[in-house]
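Student: The structure under discussion is supplied below as structure tokens; questions concerning it will follow.
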Amino acid sequence: MSAPKVITVAVTGLNATDSPAPGVPVIRAIRDAFGDRVRIVGLAYDTLDPGNFLPGLADHVYIMPYPSQGSEVLITRLLAIHDEVAIDVLIPTLDAELPSIIKAVDRLHEAGIRTFLPDEDMLRLRDKVRLHELDAKFGIRVPKGVVISDPADIARLDQELEFPVMVKGQFYEAYIAYSPMDVHAHFEKLRAKWGVPIIVQRYVPGEEYDVVLVGDGEGGLVGSVAMRKMQLTDKGKAWGGVTISDAKLDQYVRHAVAALKWRGPCEMEVMKSASGYHLIEINPRFPAWVYLSVGARRNLPAAVVRLALGEAVEAMPPASPGVMFLRYAYDQICDMEEYAALTTVGQLHRDRSEGDPS
């Protein structure tokens, strides 16, 4: 009896600081599911990303060009890496790289790199700039929002929204504002970091739930895990959370997935208020807390690998409540030879049996 084929899975986003990327927990989840039948290629954007050096995480690490250098540069590098290690499945985990990768999906598939991602239309629909349109188009309740690119527009905000409001960057970060002066301060901070436009959204008081899920692209929900944050960093990132069970929330999420016909992973941020549920944000990739899905026995990254390979995956029932996660700081001792390999040649290869760079 022949041994099962080893699958090569490439995962991006290996930063694991106080605002971690999702790559490390995605890789952990995949290793838990496939064991020795998987080979991991880590795709990093910085030589000091902690995930580059964690033992037992990635068999190969390659440094990638930043998405801001252009789609062609990014895809050319990805295909060159594929020529060396023969990637079977690619799981991108960062917002900034998704437009380039999704645009090149046919090209990647022709080369043999499989993905399970939303298409360009889906990606545009969930854009923060257009999120407020989902209510009228799909009956998905979202807070009213205003998109601004000029600080002069701030003076007219109170004609459309009541304070307080949420001020959001087009990629990351959000702040509550109690006055036009607050909006202006947050606008300048976000514009300097992420550019324009900036989204100003009606503030919805209530309890926030985060839901990680995988949609099948046909309107069905492959699986989901709902979580309530218990600990936050100063950037508002979850540092601890617990799974919850809420039948009405599950119904709301299923309606949204069916309406959007979402394909692949995503995180929905949902606010539960006195008037019901409101979709605050859709992040079109796994969140950094996705390893909680493994603890809840709903290994969603593994499901995406199987779906990308064309395998059938049965729909999972809602996760049980009461499973917690807590992050902690950990000092990882690293080998300077590994760092040197990444800085000089932009790649690192490990012999899994020895754990040494080669």
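The values are calculated or read from the model by the stated rules, or taken from the named source; none is laboratory data. Computed from a predicted model, the values in this text were never measured in an experiment. FYI the Cβ positions are ideal-geometry reconstructions off the backbone, even for glycines, and counts take in every protein chain you see.
Student: Do you know which residues across the range 227-238 are charged (D, E, K, R) and at pLDDT 95 or above?
Tutor: Within the range 227-238, Arg228 is the sole residue that qualifies.
Student: Shifting gears a bit: Can you name the condition, by its number, that Val200 falls short on among (1) within 19 Å of the chain's Cα centre (by Cα); (2) under 27 Å from Ser68 (Cβ atoms)?
Tutor: Going through (1) within 19 Å of the chain's Cα centre (by Cα); (2) under 27 Å from Ser68 (Cβ atoms) one by one, Val200 breaks only (1).
Student: In this structure, is Asp95 at pLDDT below 95 and touching a strand residue (DSSP E or B) at 6+ places or on another chain (Cβ under 8 Å)?
Tutor: yes
Student: Surrounded by 18 or more Cβ atoms within 10 Å (Cβ to Cβ), in contact (Cβ under 8 Å) with a residue 12 or more places away in the chain and polar (S, T, N, Q): does that describe Thr8?
Tutor: yes
Student: Which members of the range 45-58 meet the condition of being buried (at least 18 other Cβ atoms within 10 Å of the Cβ) and in a loop (DSSP other than H, G, I, E, B)?
Tutor: Tyr45, Thr47, Asp49, Phe53, Leu54, Leu57, Ala58
Student: How many residues does the range 217-276 contain that are aromatic (Phe, Trp, Tyr) and either touching a helix residue (DSSP H, G or I) at 6+ places or on another chain (Cβ under 6 Å) or under 16 Å from Pro318 (Cα atoms) (or both)?
Tutor: Adding up the residues that qualify gives 1.
Student: Please go through (1) under 19 Å from Val204 (Cα atoms); (2) of a type in the set (D, E, K, R); (3) touching a strand residue (DSSP E or B) at 6+ places or on another chain (Cβ under 9 Å) for Asp158 and return the number of the only condition it doesn't satisfy.
Tutor: Unmet for Asp158, out of (1) under 19 Å from Val204 (Cα atoms); (2) of a type in the set (D, E, K, R); (3) touching a strand residue (DSSP E or B) at 6+ places or on another chain (Cβ under 9 Å): (3).
Student: Can you pull out every residue in the range 222-265 that is touching a strand residue (DSSP E or B) at 6+ places or on another chain (Cβ under 6 Å), closer than 17 Å to Pro118 by Cα and not polar (S, T, N, Q)?
Tutor: Listed by number, the residues that qualify are Val222, Gly223, Val253, Arg254, Val257, Trp262, Arg263, Pro265.
This table checks each residue for (1) at pLDDT below 95; (2) in the same structural domain as Arg297 (by TED's automatic domain parsing); (3) within 21 Å of the chain's Cα centre (by Cα).
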position	(1), (2), (3)
Thr12	no, no, yes
Pro22	no, no, yes
Val38	no, no, no
Leu48	no, no, yes
Asn52	no, no, yes
Pro55	yes, no, no
Asp59	no, no, no
Tyr62	no, no, yes
